[in-house]
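What follows is one structure encoded as structure tokens, with my remarks underneath.
What follows draws every value from the coordinates through simple rules; no lab data is involved. Since this is a predicted model, take the numbers as computed values, not measurements. Cβ: placed from backbone, ideal geometry, glycine included. Neighbour counts: every protein chain shown.
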């Protein structure tokens with residue numbers, strides 16, 4: 001947890017918060033952003049739980065999550081760490097744990113406490129002793145193989161019960177290898193070795209989990225990184241049946257919170273990089289292009305290469321890179337354009353800001369230009385002053401404590417888990433290229449004398465298709481991570497999307513936008529449902545913010561109207577459900593010519609559009625079916 | 001019971017730990033204080049105290065030592081002996 005900053009007055013702040021009558025959640029989010037040990041984690045959680053008194057906080061970054069921890073040993077000490085780690089991300093999680101040893105009964109019994117809890121997410125947190133029981137060193141290879149088969153089929157049965165009966169997202173933690181070895185380095189040759197059994201089971205889990213749509217919580221990886229002793233204390237296991245020791249609780253909570261956040265589309269999306277002494281050694285404005293330390297030949301220079309290579313790898317898998325530097329633009333750009341040892345090039349940076357304004361203002365501008373929320377940004381800067389300034393002005397931006405040796409920075413960023421991701425789509429892989437195309441579009445926009453000329457010059461084509469198997473990963477990803485341009489913020493699983501595909505009364509479409517600069521990928525999802533009296537109800541309408549201002553909304557409506565008419569619709573009805581992040585679409589239907597027919601106190605509204613007499617708005621977008 | 005200077009330091013640190021663990025500001029630790037005197041001091045809180053003590057004093061308490069603890073005085077003695085040994 002070394003990436004989290006110490007807050008020197010933490011205890012005092014917690015006590016002040018405990019005495020105040022203010023709403024506790026927003027303050028608690030800030031306190032959760034500090035480096036916390038197990039005791040502080042418990043204290044913060046106790047205060048939040050007491051104040052919420054069973055209710056939910058009014059404003060969070062995502063819908064509340066109901067998480068059931070299922071296992072066969074003690075998990076009670078992990079609830080607070082999970083809740084605090086999600087609190088850190090402004091996500092509210094309620095937790096549940098099965099009665100001791102009763103996870104199978106609770107899964108299967110319709111009257112169980114688990115069913116009563118109505119979880120939406122289940123985490124199977126088995127201690128390795130439970131899954132390895134019965135395995136012993138005198139087993140033959142066949143017996144050991146049969147035992148492995150028994151365990152994997154037990155796991156798959158549990159997953160399916162949680163997924164199909166409880167309709168839950170399923171998480172499975174990998175096993176801690178806490179068994180002392182009997183042979184040594186070649187333990188795998190002893191079929192009945194418990195340690196080797198754990199290794200085989202962990203090796204089997206990724207394929208099994210992928211086949212069942214289950215996400216893994218890589219406890220084995222964390223223990224390999226930190227050492228088993230950091231995670232497991234045999235004395236505490238005997239005393240309290242705690243496989244993960246309380247001291248590791250906060251780190252465990254982080255692992256869970258990252259996956260929960262990733263599923264909700266709340267992982268960080270963009271790494272904002274300082275330049276001098278962050279990407280290279282020295283100050284380019286003072287030392288000149290030749291004077292900065294980067295590249296092979298010096299340990300420090302190689303350390304900075306490693307930082308750049310890690311950033312480049314992140315970009316290749318879909319993380320957006322930006323630069324925020326106090327520098328003259330020409331000086332800041334020079335290494336990217338002319339230094340032979342730079343790994344990162346201008347084309348890797350989606351948004352480049354170098355000037356003398358304060359960094360908080362620049363970071364705001366970066367978020368605005370990239371059309372992503374400030375809470376999607378991670379800011380990497382070697383300068384403690386700048387870090388504190390940004391933390392103070394923009395508490396929603398993640399600002400890691402940076403090791404003063406660049407050699408340690410890649411592991412620090414990885415361990416902080418900001419960019420946790422549950423899958424990779426073609427869009428992820430193409431993202432940097434897309435931001436480059438956006439730059440080209442911006443240049444065209446600057447050149448075009450008026451908006452119409454610009455839009456016409458883009459030669460846009462909208463290509464749509466109904467939900468299909470091939471697109472399902474991207475559809476689910478968009479449904480779960482789009483927060484801003486999202487009318488109802490309803491989240492659906494792959495199973496839900498499959499149900500929509502099978503439903504005669506449901507309309508699910510995915511829309512791709514192409515233009516002369518390239519393919520923008522799937523940029524819109526609309527789900528409609530046929531209802532009585534000639535109504536098609538728009539259950540979901542979401543779009544990628546990066547294509548806004550290009551008539552895509554109007555073109556999408558034209559398409560939806562045409563498809564709804566094919567379903568026999570005479571009217572479209574659409575809801576706006578406000579969240580903390582989707583104010584930009586409050587008047588979406590109004591702007592498209594709908595009439596508001598109902599408004600609620602919380603800002604929600606319902607609008608309708610009579611299709612009789614609907615005239616498609618003219619756009620510069622050609623629409624075709626894929 | 002008179003404390004040595006070392007024991008005073010240990011009691012001061014334990015008071016902070018107990019205040020944090022029980023979310024209070026007013027814990028007054030005496031050698032005789034035990035779980036039955038403090039609301040909420042259950043087996044989980046006991047482990048939390050042990051984990052905090054181990055972290056604060058950079059020591060490791062073994063199973064026998066933990067089992068033998070009857071009151072705060074016992075804990076302070078065990079810590080004192082371990083810290084002295086380095």
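A compact table of results
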read-out	value
Over chain A: helical MRE at 222 nm, DSSP H runs n ≥ 4 each giving -39500 (n - 2.57), nearest 500	-12500 deg cm²/dmol
Intensity falloff of the protein assembly as shown expressed as log10 I(q)/I(0), Debye formula with alpha-carbon point scatterers, at q = 0.09, 0.10 Å⁻¹	-0.94, -1.13
Shielding by other protein chains, B:50-57, mean Cβ within 10 Å	4
Normalised per residue, the volume of the convex hull around the Cα set of chain B (Å³)	92 Å³
Peptide B:62-71, shielding by other chains (average Cβ, 10 Å cutoff)	1
Relative contact order [Cα under 8 Å, 6+ residues apart], chain A, whole percent	10 percent
Relative packing of A:561-572, A:60-71, which averages over residues the other C-beta atoms within 10 Å, highest first	A:60-71, A:561-572
Alpha carbon centroid spacing (whole Å) that separates region A:577-626 from region A:403-426	39 Å
Region A:178-217 versus region B:8-54: alpha-carbon centroid distance in Å	40 Å
Partner chain coverage, peptide A:46-52 - average Cβ within 10 angstrom	1
C-alpha center-to-center spacing [region A:343-398, region A:1-58] in angstrom	26 Å
Among A:493-499, A:255-261, A:278-284, the order from most to least packed when residues are scored by Cβ within 10 Å on average	A:255-261, A:278-284, A:493-499
Expected 222 nm ellipticity per residue - DSSP helices of 4 or more, -39500 (n - 2.57), all of chain B, to 500	-19000 deg cm²/dmol
Burial order of peptide ranges A:306-317, A:107-118 (average beta-carbon count within 10 Å, highest first)	A:306-317, A:107-118
